[in-house]
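K.L.:
My questions will all concern the structure given below.
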Amino acid sequence: MHIELATAPSAADLKTISQGIQSYNQEHLPDQLVFEPDTRFPAFARNEQGEVVGGIRANAFWNYCIIELLWLSAQTRGSGVGSRLMAAVEAHAKAQGFNYMRTETLDFQAKPFYEKLGYQVYGELADCPKGHTTYCLIKAL
């Protein structure tokens, strides 16, 4: 047995891993869940010049929509842009049939923001990254 860490894996090798977990999952889940494609989508906030000043990168599958990244430029923070972006993403996720939103945030990032929007902490990772706490949050749509 040879263990290899790949920083530039081939598409074929990545596909083998995906198909392997799908095959295993088929033993426990209905096919429509096993073979459901990821639904990746962004939401952007643009200023009057058309420049991106904030955005969300989301990925949805099964019955969850996961906020992978949320960024707001310094000039847009606290102006309601983040809440408007979240509302747009949540509305899209709900319209697509997803039941829950999930995300993670660090202790110096947006935990109070998410809680204000109805998210609840369901887990904490202490000292991750070192010296900080990662909070895992969820919200039912």
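Nothing in this text is a laboratory measurement; each read-out follows from the coordinates by a stated rule. Bear in mind that the values here come from a model prediction, so they are computed numbers and not experimental data.
K.L.:
For Cα pairs less than 8 Å apart in space and 6+ apart in sequence, what is the mean separation divided by the residue count of the chain, i.e. the relative contact order in percent?
P.N.:
It rounds to 16 percent for the chain.
K.L.:
If you plug each phi of the range 81-88 into the Karplus form 6.51 cos²θ - 1.76 cosθ + 1.60 with θ = phi - 60°, what whole-Hz ³J(HN,Hα) values come out, in order, with x for Gly and Pro?
P.N.:
Values, residue by residue: 4, x, 4, 5, 4, 4, 4, 5 Hz.
K.L.:
Grab the chain and count how many Lys pairs have their alpha-carbon atoms under 30 Å apart, sequence gap of 8 or more, or different chains.
P.N.:
Lysine pairs satisfying the spacing and distance rule in the chain number 9.
K.L.:
Given the rule -39500 (n - 2.57) for each run of at least 4 DSSP H residues, summed and divided by the residues of the chain, what is its mean residue ellipticity at 222 nm, to the nearest 500 deg cm²/dmol? Spell out each step's value before the answer.
P.N.:
On the way: 4 runs with 40 residues, N = 141.
Mean residue ellipticity at 222 nm (helix-derived): -8500 deg cm²/dmol.
K.L.:
If a/c stays under 1.5 just call it rounded; otherwise compare a/b with b/c (prolate if a/b is bigger, oblate if not). Do that for the chain, with a ≥ b ≥ c from the square roots of the Cα gyration tensor eigenvalues. Before the final figure, lay out each step's value.
P.N.:
Details: a/c = 1.70, a/b = 1.53, b/c = 1.11.
Prolate, because a/c is 1.5 or more and a/b exceeds b/c.
K.L.:
Round to the nearest 10 and give me the degree value, 0 to 90, for the angle of helix 11-25's Cα axis relative to the longest principal axis of the chain.
P.N.:
For helix 11-25, the angle is close to 80 degrees.
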